[in-house]
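Have a look at the structure below before the remarks.
The values are calculated or read from the model by the stated rules, or taken from the named source; none is laboratory data. These numbers come from a predicted model, not from an experiment. Because the Cβ atoms are built from the backbone with ideal geometry, glycine has one as well, and the counts that use them run over all protein chains shown. Ligands, DNA and RNA are excluded from the accessible area calculation, which covers all protein heavy atoms including side chains. Shrake-Rupley method; radii C 1.70, N 1.55, O 1.52, S 1.80 Å.
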Amino acid sequence: MSANGAAPTSEASGVDVTSWLLFSAVLVNQAGRVMVPAVKTSVISDPDFGASFGASVGTMLSGVSMVCLVGKLLGAAVTDMLGGWLVLVIVFVMWIVATTGAVFSPTVDFFGAMWLLNSFAYTVTWGAATQVVGACYSDKERPAQLSKIASASRFGATLGNIFFGQLLSVGLDWRTTLLPMLPMQALLLLMCLYKWASAPKAAAVEASVAKSNNGKRDAGAEEGLSPLAAMVTIDFWLMLIPKAVLFTYTQFFMNYIPQLLHVSYGYSHGAAASLGGIAQGGSVIGLLVVGNMIYKQLAPTQKVMLVAFLLAICAATSAVIAFGPAMVPPSLVVPLTVLWGLAYALPFYIPPGEFAMQIGGKTSTAFFTNVFDAAGFSVSAAWNPWASSLVKGGDFSVVLLSQALFGAISFVCMPVAMSRQNSKKTKQA
């Protein structure tokens with residue numbers, strides 16, 4: 001039974017309504033997140049917006065990263081207190097405003113402001129979703145639910161890129177291409193509003209159940225470490241560092257792969273956006289197949305080995321793509337990006353999420369999740385302007401080599417953090 005909403009499962013149908021609503025909210029949220037990057041090359045070609053937008057896009061990307069950083073810090077401060085459903089209600093109100101504003105933007109500056117609001121809404125969604133998972137599900141259920149909403153994030157990015165790319169390919173302008181997001185965002189606003197409104201009743205039911213059980217507590221209800229106690233441990237930093245540098249992978253897949261395919265390989269705007277979505281599809285496979293079907297079945301030591309193997313693939317594939325069209329033909333570049341997406345998704349989402357739930361418990365899961373993401377946006381705020389300045393001249397090789405370096409750093413740190421946590425669990429058993 002949830003302390004933050006209605007019972008996860010509908011007794012009448014056997015359908016886990018909470019799980020699927022979270023899946024839908026994260027999916028649409030991520031699709032909205034990629035809508036501006038997906039139409040970016042089309043906006044640059046716009047006779048009214050193009051020159052001004054192209055000149056300022058690097059600064060805008062840096063601003064997006066800073067807004068996301070502020071959003072993560074604010075989310076860390078208030079999400080556990082407000083509850084995930086209320087935060088999601090606020091999120092979809094912001095989404096509707098941001099999407100409407102972007103479609104009808106009179107100036108580049110106004111469009112940029114709507115992009116920032118779009119980014120802020122996206123930023124606090126993941127922490128809200130993990131807060132609901134931490135509050136609604138037991139320790140044994142959480143990894144599967146975490147994998148499910150993480151796959152929704154990647155699935156949303158994939159569908160979003162393909163969807164917007166296809167709309168551009170049939171000749172729609174970028175403004176019209178963004179319009180279909182509005183009814184989906186409005187529907188999810190109503191559904192999350194209903195879940196939030198039902199939370200007090202569910203909390204009262206849970207209190208009654210707890211009383212009837214003579215005060216017995218669910219094993220997953222224990223409080224986690226205090227933020228300060230966790231942040232002074234080496235385990236925290238061994239997990240924070242890879243999470244932070246791997247965050248640039250999400251930026252590269254969202255903001256630069258369509259541009260790489262357009263500039264270096266000659267694909268049209270629509271084809272580049274669609275193929276960028278296919279590249280992100282690799283991360284869906286990484287979560288639904290490698291994560292949900294393989295990872296969760298493994299012993300702790302085997303999980304560490306799998307994560308290390310996937311991170312090695314990340315470093316290797318990004319280094320190979322850095323050689324460019326001279327050595328990586330068009331027939332190979334998309335499969336390589338799919339492989340890269342498949343490899344990075346599980347290490348990026350699952351081990352940090354499990355770590356946050358383990359040290360945060362039901363009281364601070366969203367705090368630690370948002371702190372990890374805030375570190376990622378801090379790195380991205382510095383990395384994005386640097387990367388954008390290089391790709392303006394068509395040079396993607398150095399940017400890709402930075403991605404290979406980040407993969408190597410993660411290969412060193414994350415498996416060590418996981419091994420140390422496994423040793424602690426063994427000692428406590």
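Quick look at the values:
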read-out: Accessible area of Met357 in the full protein assembly, 1.4 Å probe (Å², nearest 10); value: 20 Å²
read-out: Cross-link pairs Lys72/Lys148; Lys148/Lys195; Lys243/Lys425; Lys72/Lys140; Lys195/Lys425 - those with Cα-Cα distance over 30 Å; value: Lys195/Lys425
read-out: Efficiency of FRET between Lys140 and Ala382 - r from beta-carbon atoms, R0 41 angstrom, step 0.05; value: 0.55
read-out: Ranking by accessible area, most exposed first, for Ser283, Ser138 with a 1.4 Å probe; value: Ser138, Ser283
read-out: Accessible surface of the chain, 1.4 Å probe, proportion on carbon and sulfur as whole %; value: 70 percent
read-out: Accessible area expressed per residue, the stretch 322-407, with surrounding protein chains retained (probe 1.4 Å, Å²); value: 31 Å²
read-out: Accessible solvent surface per residue of the stretch 14-153, calculated while the other protein chains remain in place, 1.4 angstrom probe, Å²; value: 31 Å²
read-out: Length released on extending from Lys427 to Ala326, taking residue separation times 0.36 nm less the Cα-Cα span; value: 31.1 nm
read-out: Lys392 accessible area, 1.4 Å probe, all protein chains in place, Å² to nearest 10; value: 120 Å²
read-out: Solvent accessible area, Å² - Ile44, 1.4 Å probe, full protein context; value: 70 Å²
read-out: By accessible area with a 1.4 Å probe, ligands and nucleic acids excluded, highest first: order of Trp237, Trp115; value: Trp237, Trp115
read-out: Accessible-area ranking of Asp373, Asp80, Asp139, largest first, probe 1.4 Å; value: Asp139, Asp80, Asp373
read-out: Accessible area per residue, Å², the stretch 230-319 with all protein chains present, probe 1.4 Å; value: 33 Å²
read-out: Label-point gap, in nm, between Phe104 and Ser268 - each point 7 angstrom along Cα→Cβ; value: 3.1 nm
read-out: Residue-wise HN-Hα coupling along the stretch 44-51, computed from phi with Karplus coefficients 6.51, -1.76, 1.60 (Hz; x: Gly, Pro); value: 4, 7, 5, x, 8, 9, x, 4
read-out: Selected from Leu310, Leu82, Leu61 as most flexible by GNM, with the chain as the system and alpha-carbon contacts under 10 Å; value: Leu82
